[in-house]
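The values are calculated or read from the model by the stated rules, or taken from the named source; none is laboratory data. Because the structure is predicted, anything quoted here is derived from the model rather than measured. Here the Cβ positions follow ideal geometry from the backbone for every residue, glycine too, while neighbour counts run over all protein chains shown.
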Amino acid sequence: MTDLFCSALIELVQHSRTLSDEHHRQACLIFATSGLLDKPTVTPLNIMLNSLIDTAPDFDQPIAVLKHCHERIRKQLTTLQKLLNHLQQHGVDAGARQAAASIMRYFNQAAPHHHADEEVDLLPMLVATAQDDDARLLDQLMPEILSEHAQMDKLWQTLNKQLVQIAGGEITDKTAALSAQDVNQFSSMYSAHMEKEEAWIAPMAKRIFSEEQMKQLGAAMQQRRGIQV
């Protein structure tokens, strides 16, 4: 089993954690531990997948959930880079199609929820609560964060069109399948954006939010994903 396919499979199970349908999640685990994978890799992969699910935070820790989303985004960006390298060596094979589908699944479904968590709930709550130096810092950071979200969404739309063709096997020319410039620009912007939020936004929220505000934020995030509060 290739690293590229493993990355895509792990993300599938991770993504299932945000769904309300427990059967979907269990189906992913059954697939991961079935005979569809090479037998020598089943046991360690099963352990790894269960570990990923068990250690994911609950929505009563909303800032930890947002940080966990960032870690999942970083894994997807790594898979995207691996896909770029894989295409240059092997072209659009089954592994490339699986990885492209996994990346699209995350950035078309989970990532928009994450951006909405910040734009609709987290940042407005911070603005309503912050005072003095915190308020002045937010005045500086908010326009940057919102602008970066818009830029990343635009970059993603460009990448998504390329990945749709890869996942559908519509492109066979490995040099034309995925733009290295688009991949690098998207990855660089997202990485810097997450570092900014983790350095300033998350610590501020943890410091100034009350317990009730944390519950409110977590409940809003659950509802956005269709999870019963």
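From the list Lys161, Lys154, Lys196, the lone residue that is surrounded by fewer than 17 Cβ atoms within 10 Å (Cβ to Cβ), farther than 18 Å from Arg105 by Cα and at pLDDT 95 or above is Lys196.
In region 85-114, which residues are surrounded by fewer than 17 Cβ atoms within 10 Å (Cβ to Cβ) and under 18 Å from Ile201 (Cβ atoms)? Of everything in region 85-114, just one residue is surrounded by fewer than 17 Cβ atoms within 10 Å (Cβ to Cβ) and under 18 Å from Ile201 (Cβ atoms), namely His113.
Any idea which of Ala177, Ala167 is crowded, with 17+ Cβ neighbours inside 10 Å, touching a Gly at 6+ places or on another chain (Cβ under 9 Å) and among the hydrophobic types (A, V, I, L, M, F, W, C)? Going through Ala177, Ala167 in turn, just one is crowded, with 17+ Cβ neighbours inside 10 Å, touching a Gly at 6+ places or on another chain (Cβ under 9 Å) and among the hydrophobic types (A, V, I, L, M, F, W, C): Ala177.
Taking the criterion of being crowded, with 19+ Cβ neighbours inside 10 Å and either of a type in the set (D, E, K, R) or within 29 Å of Asp133 (Cα to Cα) (or both), the only residue of region 180-192 that qualifies is Tyr190.
For region 49-83, the tally of residues that are surrounded by 14 or more Cβ atoms within 10 Å (Cβ to Cβ) and modelled with pLDDT under 95 stands at 6.
The C-beta contact set for region 81-102 (first residue in contact (Cβ under 8 Å) with a residue 40 or more places away in the chain, second residue among the basic types (Lys, Arg) and outside any helix (DSSP H, G or I), distance under 7 angstrom, 6+ apart or interchain) comprises Leu87/Lys174; Gln88/Lys174; Gly91/Lys174; Val92/Lys174.
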